[in-house]
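I have placed the structure first, in the form of C-alpha cells, so that the comments after it can refer back to it.
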Amino acid sequence: MDTTSQTMAIAETILEQIQYGDRSALWAWGATNFVALQESKEFQGGLEFQVNGLTHKGWVKVCLRWVDDYTIVFINQNREVVKTTEGIYCDMLVPAIDWIEGK
C-alpha cells in the first residue's frame, strides 16, 4: 500500500471508530474540515478536524501512535495546544473527546 492510500485508510478508520462509538458524536461536536494526517516519526498517521462544541472551539487531532493507541490533541482557535491526552484506544475515542467537550 502506498503512503497516500495508507494515510487515507488510517483517517477513514478513525472516522469509522468514532461513528461506531457514537453515531451522532461528530454532529454533536460540530465537526467539519476533515484532514488526513501523514506519517511522522512519532505517528503512523491520523485525522484532524475542526469542532464548534460547547466548551472547545478549534481543532481536534487524533494521532495513531506506532504502538497502536491514540494521542488526542486539542487546539484552540489561536492554534495553541490546550490539552493532550495519550494512551487512548479506539473504544475510548468518543468518551475522551466528549470529556473535553464537557458533556
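Taking the highest mean first, how do the peptides 90-96, 66-72 order by number of other beta carbon atoms within 10 angstrom per residue? Please report the intermediate quantities before stating the final value.
Working: 90-96: 17.0, 66-72: 14.6.
Final packing ranking: 90-96, 66-72.
Would you tally the net charge around Phe34, using a Cβ to Cβ cut-off of less than 11 Å, leaving Phe34 out, and scoring K and R as +1, D and E as -1?
Net charge around Phe34: -2.
Which whole-number value in Å² is the accessible area per residue of the chain, probe 1.4 Å? Numbers along the way, then the final one.
Working: 6230 Å² over 103 residues.
Per-residue accessible area for the chain comes out at 60 Å².
Enumerate the calculated ³J(HN,Hα) couplings along the stretch 46-63 in order (Karplus 6.51 cos²θ - 1.76 cosθ + 1.60, θ = phi - 60°), each rounded to whole Hz, writing x wherever the residue is Gly or Pro.
x, 9, 10, 8, 8, 10, 9, x, 5, 10, 10, 10, x, 10, 10, 10, 10, 10
Counting only residues 5 or more places away or on other chains, whose amide H sits under 5 Å from the amide H of Arg65 once H atoms are built in the peptide plane?
Hits under the 5 Å cutoff: Gln44, Tyr70, Thr71.
Can you give me the long-range amide H partners of Gly53? Hydrogens built in the peptide plane at 1.01 Å from N, cutoff under 5 Å, separation of 5 or more residues or another chain.
Residues meeting the amide H criterion: Gly58.
Within 13 Å, Cβ to Cβ, of Glu48, how many net charges do the neighbouring residues add up to if Lys/Arg are +1 and Asp/Glu are -1?
+2
Contact order normalised by length for the stretch 53-103, with contacts defined as Cα pairs under 8 Å and 6 or more residues apart; what percent is it? Intermediate values should be presented prior to the final figure.
Values: 74 pairs, mean separation 16.9, N = 51.
Rounded, it is 33 percent for the stretch 53-103.
If exposed means no more than 11 neighbouring beta carbons inside 10 Å and the site is in a DSSP loop, what's the longest run of the chain without any exposed GluC sites (Glu not before Pro)?
Longest gap between qualifying sites, sites excluded: 1-41.
So if I restrict to the alpha-carbon atoms in the chain, what is the Rg, and what is Dmax, the biggest pairwise distance, in Å?
12.7, 39
Work out the count of Lys pairs in the chain where the Cα-Cα distance is under 18 Å, with the pair 8 or more places apart or on different chains. Present the calculation step by step, with values, prior to reporting the outcome.
On the way: Lys41/Lys61; Lys57/Lys83; Lys57/Lys103; Lys61/Lys83; Lys83/Lys103.
So the count of such lysine pairs works out to 5.
Which value, in debye to the nearest 20, gives the size of the charge dipole of the stretch 11-58 about its Cα centre, when Lys and Arg are +1 and Asp and Glu are -1 at the Cβ?
200 debye
The values are calculated or read from the model by the stated rules, or taken from the named source; none is laboratory data. Values in this document were obtained by computation on a predicted structure and should not be read as measured data. Heads up, the Cβs are rebuilt from the backbone with ideal geometry, glycines too, and the neighbour counts pull from every protein chain shown. These accessible areas exclude ligands, DNA and RNA; they are computed on the full protein's heavy atoms, side chains included. Shrake-Rupley method; radii C 1.70, N 1.55, O 1.52, S 1.80 Å.
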